[in-house]
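Working notes, structure below.
The values are calculated or read from the model by the stated rules, or taken from the named source; none is laboratory data. All of these numbers come straight from a predicted model, not from anything done at the bench. So basically every Cβ, Gly included, is an ideal-geometry build from the backbone, and we count neighbours across all protein chains shown. Each accessible area value is taken on the protein alone, full model and side chains, heavy atoms only, with ligands, DNA and RNA left out. Shrake-Rupley method; radii C 1.70, N 1.55, O 1.52, S 1.80 Å.
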Amino acid sequence: EHKLGGEDLHVGCVIPLGDMTFSRKEIVTFAGIYDPQPAHIDDEEAKSTLLGGLAASGWHSCAALWARAQTGLLAHCRHRGRPVITDIRWLAPVRADDTLQLRAIVTHRKPCPRSARLGQTTLRYDAVNETGSVVMNLKVNHAFERRADEPLSNICPRPSVDSGARNTPQRPRRRVCSVSFFEQVETGDEIDLGTYTFTDRNIAEFTTLTGLIDSRTGDHSTQVNAWHLTAAWMQRI
């Protein structure tokens, strides 16, 4: 099977990734576990929130979109290394039964500074609703293999770290138990969110809820996915 490399993804290229739709049950089930805010779990209480009604958790939307990106694009590419997400924007609520069209757009390409055999490609992943409005997007930096087999001696050195910035003294962190009002916290305060334990059961549960797969095997993942880690963090918040 021919797999795409960095040279095949030109700036401006648009890759359709299919569509996705969340039912009310899917929205409430995911949010009940990972993002139990009123806007995501209760129809009546959601009306008085900033979202103005029940809507999917942003992390649910991200994980489900990423599942489509894995099967619709990355599985067909010579993709190397873990992608780096540089920006996430939730621009409008995702409602139950909304059909979202998904796409990836190549926005930037450059040689990889650490390996001549790789190229860095930035893609913006969009979710577009039935009215044509972008409701969310992700900007992701990917590493793809290059066809040119240049020697590894061409690897660029890693950029140096400014030791002065690293040694800048900081005031001791203040531990805060809860936040009721804006004035209760200061920059640098630390809030203990407790712990979350990953188990075989909740890993399987998360992949079932989102459709995420292991990018190496094409099967449901048996390891902790980065989106699961993020959702667990949101749960503790």
Residue in the range 187-223 that is modelled with the lowest pLDDT, counting only those that are in contact with a helix residue (DSSP H, G or I) (Cβ under 6 Å, 6 or more places away or on another chain) and open to solvent by 70 Å² or more (accessible area, probe 1.4 Å): SER215
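Here's the yes/no breakdown for (1) closer than 20 Å to THR230 by Cβ; (2) among the charged types (D, E, K, R):
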{"site": "ARG24", "(1), (2)": "no, yes"}
{"site": "SER48", "(1), (2)": "no, no"}
{"site": "PRO83", "(1), (2)": "yes, no"}
{"site": "ALA92", "(1), (2)": "no, no"}
{"site": "ILE105", "(1), (2)": "no, no"}
{"site": "PRO113", "(1), (2)": "no, no"}
{"site": "GLN120", "(1), (2)": "no, no"}
Any pair with Cβ under 6 angstrom, 6 or more apart, that starts in the range 67-82 at a residue that is farther than 11 Å from ALA104 by Cα and ends at one that is of a type in the set (S, T, N, Q) and part of a helix (DSSP H, G or I): ALA67/THR210
Test for ASP43: is it over 21 Å from the mean Cα position of the chain (by Cα), of a type outside the set (A, V, I, L, M, F, W, C) and open to solvent by 50 Å² or more (accessible area, probe 1.4 Å): yes
Subset of the range 65-83 (residues that are in a helix (DSSP H, G or I) and open to solvent by 50 Å² or more (accessible area, probe 1.4 Å)): ARG68, THR71, HIS76
Residue under evaluation ALA148, criteria (1) farther than 27 Å from GLU205 by Cα; (2) open to solvent by 50 Å² or more (accessible area, probe 1.4 Å); (3) at pLDDT below 95; (4) out of contact with any helix residue (DSSP H, G or I) (no Cβ under 8 Å at 6 or more places or on another chain), criterion not met: (2)
Helices (runs of 4 or more DSSP H) contained entirely in the range 11-64, each with at least 3 residues that are within 17 Å of ALA127 (Cβ to Cβ) and modelled with pLDDT of 95 or more: 24-34
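Taking the criterion of being touching a Cys at 6+ places or on another chain (Cβ under 9 Å) and surrounded by 14 or more Cβ atoms within 10 Å (Cβ to Cβ), would at least one residue in the range 14-32 satisfy it? Give the steps one after another, and end with the answer.
Let us first name the residues in the range 14-32 that are touching a Cys at 6+ places or on another chain (Cβ under 9 Å), namely none.
No, the range 14-32 contains no residue that is touching a Cys at 6+ places or on another chain (Cβ under 9 Å) and surrounded by 14 or more Cβ atoms within 10 Å (Cβ to Cβ).
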Residue among VAL128, VAL134, VAL176 that alone is modelled with pLDDT of 75 or more, surrounded by fewer than 19 Cβ atoms within 10 Å (Cβ to Cβ), closer than 30 Å to THR29 by Cβ and touching an Asp or Glu at 6+ places or on another chain (Cβ under 7 Å): VAL134
